[in-house]
Amino acid sequence: MADREPRFYGYRMEFRDEDGHPRRTSGFLGALALAGPGSEVLPHERTLPKAKSDRLALLRATRANLDPVWALSLAPGLTDLLPATVLAECTDDEGVRHQLLDGGDPDLIAAVQESVGRAPVVLADGHHRFETATTFRDEERAEGHRVPGADAIMALVVELADRELTVQPIHRLLHGLPPGFDLRAALAPSFEVHDAGPATPEGVGALRSGMRGPSGGLGLADGGGLALLRPRPDSLERALADVADALRVVDATAFERLVLPALPRVEVTYRNDAATVAALVTKGAADAAVLLRPVTVAQIRDAATAGLRMPQKTTFFAPKPRTGMVFRSLDL
């Protein structure tokens with residue numbers, strides 16, 4: 001059923017994180033203005049052309065936003081506005097409880113608009129959809145078509161705060177290494193390579209703990225099992241000499257600057273679950289994988305406010321809002 005008047009919906013997700021701790025993410029669903037002069041929407045990652053072309057074809061066919069992009073409000077206080085009345089709820093296959101809340105009160109609408117309008121918002125998830133929607137809007141304008149909803153995109157806006165966000169890393173799977181290629185030897189000039197045993201789930205857990213330790217580092221899964229990769233300080237300094245400070249601490253930058261240059265031409269694919277990534281290497285579905293640490297909320301804030309984009313596929317915000325709770329037609 002279509003809403004008679006413009007409105008917001010509150011949205012809440014309750015779940016347990018990777019360590020089993022109860023977490024909650026809350027925000028508001030609504031229409032977020034697209035990029036343009038004076039736009040206050042800040043991207044935080046680079047994008048991939050193929051993903052954008054697929055999204056554009058879907059948008060042309062449906063003329064609707066089927067699921068929300070995810071944006072982060074830099075202003076405090078948005079969470080405090082969340083309404084109490086639950087309109088619908090469901091629990092997905094991963095045990096995440098999703099609740100759609102009544103955000104139609106005029107005073108609440110005004111308060112949400114004021115809160116979100118106080119500061120720029122950071123685009124957290126959905127960069128391809130946001131850029132695709134901007135392309136669609138520009139196409140329709142160029143052809144002289146008036147599409148009422150094409151100047152905005154459906155977004156879930158969440159306060160940029162540690163208590164509201166669970167950020168996971170996105171790991172890199174490597175395909176197409178030459179037969180017999182010694183990956184660890186190739187990485188040794190730039191990394192201290194410490195063997196971390198077989199690629200069991202327990203081994204992956206121990207490796208991730210080592211990556212989070214004082215010395216830090218990347219993880220490696222290859223034919224020899226697991227390894228901890230600690231960048232050599234001199235190599236890291238040379239590789240990052242022209243990189244902005246806010247991006248130097250991001251593992252995806254180290255992967256681009258230290259790992260990829262040491263390899264022959266390879267295909268890189270992306271997964272967010274470390275145990276699954278290691279299992280895929282063990283099964284031969286990938287030649288190797290590099291495991292990354294998650295970025296922090298503070299790092300996201302620093303990069304966005306500096307106007308910088310992290311490498312593509314740096315952050316995985318979990319869980320995802322459910323497709324189908326709300327649709328937004330561009331023609332109404």
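The values are calculated or read from the model by the stated rules, or taken from the named source; none is laboratory data. Fair warning: this is a prediction, and the values are worked out from it, not measured in the lab. Here the Cβ is made from the backbone with ideal geometry for all residues, glycine too, and neighbour counts use every protein chain on show.
Taking the stated definitions as given, is Glu14 at pLDDT 95 or above and either part of a strand (DSSP E or B) or surrounded by fewer than 14 Cβ atoms within 10 Å (Cβ to Cβ) (or both)? For Glu14, the condition - at pLDDT 95 or above and either part of a strand (DSSP E or B) or surrounded by fewer than 14 Cβ atoms within 10 Å (Cβ to Cβ) (or both) - is met. Cβ separations smaller than 7 Å between residues 6+ apart or across chains give the following pairs from the stretch 169-185 residues that are farther than 25 Å from Val295 by Cβ to residues that are assigned to a helix (DSSP H, G or I): Leu177/Leu183. Within the stretch 255-265, the set of residues being more than 23 Å from the chain's Cα centre (by Cα) and surrounded by 16 or more Cβ atoms within 10 Å (Cβ to Cβ) comprises Leu263 only.
Each row is one residue, and each column tells you yes or no for (1) outside the structural domain of Ala161 (by TED's automatic domain parsing); (2) surrounded by 12 or more Cβ atoms within 10 Å (Cβ to Cβ); (3) in a loop (DSSP other than H, G, I, E, B); (4) modelled with pLDDT of 95 or more.
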position	(1), (2), (3), (4)
Ala35	no, yes, yes, no
Ser53	no, yes, no, no
Gly77	no, yes, yes, no
Pro83	no, yes, yes, yes
Asp102	no, yes, no, yes
Asp107	no, no, no, yes
Val112	no, yes, no, yes
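Just one of the listed residues (Ala186, Ala199) is part of a helix (DSSP H, G or I), of a type in the set (A, V, I, L, M, F, W, C) and either surrounded by fewer than 18 Cβ atoms within 10 Å (Cβ to Cβ) or touching a strand residue (DSSP E or B) at 6+ places or on another chain (Cβ under 9 Å) (or both), and it is Ala186. For Asp93, the conditions (1) surrounded by 12 or more Cβ atoms within 10 Å (Cβ to Cβ); (2) without any contact (Cβ under 8 Å) to a residue 40 or more places away in the chain; (3) of a type in the set (D, E, K, R) are fulfilled apart from (1). For the stretch 269-300, which residues satisfy the criterion of being surrounded by 19 or more Cβ atoms within 10 Å (Cβ to Cβ), hydrophobic (A, V, I, L, M, F, W, C) and not in a helix (DSSP H, G or I)? The answer is Ala286, Ala288, Ala289, Val290, Leu291, Leu292, Val295. Just one residue in the set Ala252, Ala304 is modelled with pLDDT under 95, under 21 Å from the mean Cα position of the chain (by Cα) and either surrounded by 15 or more Cβ atoms within 10 Å (Cβ to Cβ) or more than 29 Å from Glu202 (Cα to Cα) (or both); that residue is Ala304. For the stretch 217-234, the condition of being without any contact (Cβ under 8 Å) to a residue 60 or more places away in the chain, surrounded by fewer than 18 Cβ atoms within 10 Å (Cβ to Cβ), part of a loop (DSSP other than H, G, I, E, B) and not assigned by TED's automatic domain parsing to the domain that holds Ala124 holds for at least one residue.
Assess whether Arg212 counts as being assigned by TED's automatic domain parsing to the domain that holds Leu66, over 26 Å from Thr132 (Cβ atoms) and basic (Lys, Arg). Taking the combined requirement at face value, the residue does not satisfy it.
One line per residue, one yes/no per condition, for (1) modelled with pLDDT under 90; (2) assigned by TED's automatic domain parsing to the domain that holds Gly324; (3) in a strand (DSSP E or B):
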site: Val116; (1), (2), (3): no, yes, no
site: Leu123; (1), (2), (3): yes, yes, yes
site: His128; (1), (2), (3): yes, yes, no
site: Ala133; (1), (2), (3): no, yes, no
site: Asp138; (1), (2), (3): no, yes, no
site: Arg146; (1), (2), (3): yes, yes, no
site: Ala150; (1), (2), (3): no, yes, no
site: Leu156; (1), (2), (3): no, yes, yes
site: Phe181; (1), (2), (3): no, no, no
